[in-house]
Each structure stands twice: as structure tokens, then as C-alpha cells.
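So the structure is just underneath, and the comments pick up after that.
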Amino acid sequence: MPQTSDEEIKVRLMKQAEELIDKLLAEKKPKDEILLSDIEQAAIETGEGLKQAITAELVGERFQHEGDKPRCPQCGEVMRFKDYRKRWIETKAGSVEVERAYFYCKACPVGLFPPG
């Protein structure tokens, strides 16, 4: 997987932000029926969605590289890049799914996602 440019990340985040705003507007109550609590809840939900999108993009960018190969925790040999795998991780922004480089030790056999 080639390294993602900042412009590519921006395009994806703008698309996700636009989708969240479209959803907000589509679900908005008529102005003679909407309460302040409805507005607050819609803003919170939209903000949470954007926060998770940003976190997922930046965490995914951090872990997508196969260049820095870790050493096996059991035998100490340099591990081989195997492929990219999706994984759910817990962050302060909530649970996000990221695609990360996955490494494998042929000798042991042990596989791992590098920490970070």
C-alpha cells in the first residue's frame, strides 16, 4: 500500500464530513418543531462522527507502512511484512477501524501488528 498523501487524506475527510452534514440536514426537524436539545444532539452526533473519521484516517496513515520491520518478540529475528489487515482499536475518540501493516515471523511462527 503506497503512502497516502495529505491531499488524499483531505479529500477523504472532506467527503466524510459532507456525508455527515448531508445526514444532519436530511434528518433535521422543521424549524417550528425543533428544540434546542434536538439541535445540540444533532451537533454532538455529527461532531462525534467527524472526530472518529479524523482519528481513523490519521491512525490508519500511521500504521499503513511496511518499511520499518519489527523484530519477533520470541526469537528476535526481523519479521517479514505479510499484508495489510483491518483491525478495530480503542482511542480517546472511540472505536475506529484501521488498516494496518501485519508482520509474520517464519521461524516461530508469530504474527503481529506493530505497536504505536
Q) Within the set of pairs 6 or more residues apart or between chains, which connect a residue that is within 15 Å of Ala107 (Cβ to Cβ) inside the range 73-92 to a residue that is assigned to a loop (DSSP other than H, G, I, E, B) and among the aliphatic types (A, V, I, L, M) with Cβ atoms less than 7 Å apart? A) Cys75/Ala107; Glu77/Ala107
Q | Residues that are in a helix (DSSP H, G or I) and under 30 Å from Tyr102 (Cα atoms), drawn from the range 1-27 | A | Asp6, Glu7, Glu8, Ile9, Lys10, Val11, Arg12, Leu13, Met14, Lys15, Gln16, Ala17
**Q.** Residues of the range 28-57 classified as surrounded by 11 or more Cβ atoms within 10 Å (Cβ to Cβ) and part of a helix (DSSP H, G or I), total
**A.** 18
Q | Test: Tyr84 is at pLDDT 80 or above, within 23 Å of Ser5 (Cα to Cα), surrounded by 12 or more Cβ atoms within 10 Å (Cβ to Cβ) and not charged (D, E, K, R) | A | yes
Q | Within the range 58-81, considering residues that are within 19 Å of Asp6 (Cβ to Cβ) and part of a loop (DSSP other than H, G, I, E, B), the one modelled with the highest pLDDT | A | Gly67
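The values are calculated or read from the model by the stated rules, or taken from the named source; none is laboratory data. Just so it is clear, the model here is predicted, and its values are computed rather than measured. Because the Cβ atoms are built from the backbone with ideal geometry, glycine has one as well, and the counts that use them run over all protein chains shown.
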